Amino acid sequence: MAQDEEKPAKFHVVGATREEVSAFLASLGEREFRADQILRWVYEAGAADVESMSNLPKALRARLTEQLIVVSSSVAEVQQSADGTAKLLVALEDGERVETVLIPEGRRRTVCVSSQVGCPVGCAFCASGQSGFVRDLSAGEMIEQVLLARQKRPEDRLKAGLQTRAEDRLKAGLQALTNVVFMGIGEPLANFEALARAIGILTAPWGLGLSPRRITVSTVGLPERIRRLGELGLGVNLAISLHASDDLTRQRLIPGARPVREVVAAARDYLREAGREVTFEYVLIDGVNDSAADARELAALVGRLPILVNLIPLNPVAGLTLRESPAARAERFAAELRKRGVRVQERRRRGADIEAACGQLRRSRQSAEGSRQ
């Protein structure tokens, strides 16, 4: 073999379907049940490498170590908020980094997952797009964020023993996650194929086995992709970043945004096709979109559909001049909506002391590294 000839790429388990894992093992002369053993180790026990899989023959483990990658990402940094929120800066195989946030609330444990490195949208109030768009994430890179966040100590690699029962291993080394939201860095519907594959694996009985009702996809509102998501029948919830009730204001906040009425029409179609909850996300910004007239116009758009309007306090981002709506104006906005029969939820800010909003940690680390060069 020539010295400059590249070695064959290793097979990535996370992000592959059960059929693909079986086919890979069959190419090595292994029987199908080995695929189930490996998938159980990855998704049930949280193993991050082949050597942890103690019920596989030693010779097979040695062979797989040379040809297979279990988890390619790692946790580069963890920030812990006083309110329990944890932000993970996740290092990808190629050196790029994304953010994953773990949000505990009562019995809920929600993981906020990134779908792209950087963001192509560039919302005026968001840190994610300030450094530009780099690339899409693979399905495996999305799922690995969930696996890393599931560890009780995300900076550690879990190596569980198969001699204990699954529930014992979970209590010992893993925390139960109840919800996954694709609301981190990036526009999930712009990375549609990888997103759909990731959802399929997260909900598969041989994967994480999550109910689709526990998964939410957030988008700035790409009508064609919203309808396509509904047609796939994945059964996930949909959150649309609306942030304005008129096109001029929305264009100011979301460059290249589609017209409000087109987005609302797509939301109605998704509600009818998928039968799952649809939420309009609305960041309240002082003097921009928080007037009583804005609330009345938004109520007229939404009507009395079973759609939730989620009012979100603006997270301060260094270098951006937009400010959070005063509390009294935010309360008046919510009251105007409720008076007109709109379902409203007022989200409280989480993790402000650790810059938990999308893209802030990645951006601050990029700035720090740039200043040292």
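The values are calculated or read from the model by the stated rules, or taken from the named source; none is laboratory data. All values derive from a computational prediction rather than experimental measurement. Cβ coordinates were reconstructed from backbone atoms using ideal geometry, including for glycine residues, and neighbour counts include every protein chain displayed.
Taking the range 67-117 as the range and being at pLDDT 95 or above, more than 24 Å from residue 132 (Cα to Cα) and surrounded by fewer than 16 Cβ atoms within 10 Å (Cβ to Cβ) as the test, only 67 passes. Just wondering, is there one or more residues in the range 282-297 that are crowded, with 16+ Cβ neighbours inside 10 Å, under 25 Å from residue 179 (Cβ atoms) and in contact with a Lys or Arg (Cβ under 8 Å, 6 or more places away or on another chain)? Yes; the residues of the range 282-297 include at least one that is crowded, with 16+ Cβ neighbours inside 10 Å, under 25 Å from residue 179 (Cβ atoms) and in contact with a Lys or Arg (Cβ under 8 Å, 6 or more places away or on another chain). Within the range 113-123, can one find any residue that is in contact with a His (Cβ under 7 Å, 6 or more places away or on another chain) and within 21 Å of residue 176 (Cα to Cα)? No, there is no match, as no residue in the range 113-123 is in contact with a His (Cβ under 7 Å, 6 or more places away or on another chain) and within 21 Å of residue 176 (Cα to Cα). Residues that are over 27 Å from residue 122 (Cα atoms) and either exposed (fewer than 14 other Cβ atoms within 10 Å of the Cβ) or of a type in the set (Lys, Arg) (or both) do not occur anywhere in the range 312-322. Go through the residues of the range 316-338 one by one and say whether even a single one is at pLDDT below 80, in a helix (DSSP H, G or I) and in contact with an Asp or Glu (Cβ under 9 Å, 6 or more places away or on another chain). Scanning the range 316-338, I find no residue that is at pLDDT below 80, in a helix (DSSP H, G or I) and in contact with an Asp or Glu (Cβ under 9 Å, 6 or more places away or on another chain), so the answer is no. Filtered by the rule that a residue be among the basic types (Lys, Arg) and farther than 26 Å from residue 126 by Cα, the range 268-311 gives 268, 272, 276, 304.
Out of 95, 84, 46, 29, one residue alone is under 18 Å from residue 175 (Cβ atoms) and without any contact (Cβ under 8 Å) to a residue 60 or more places away in the chain. It is 84.
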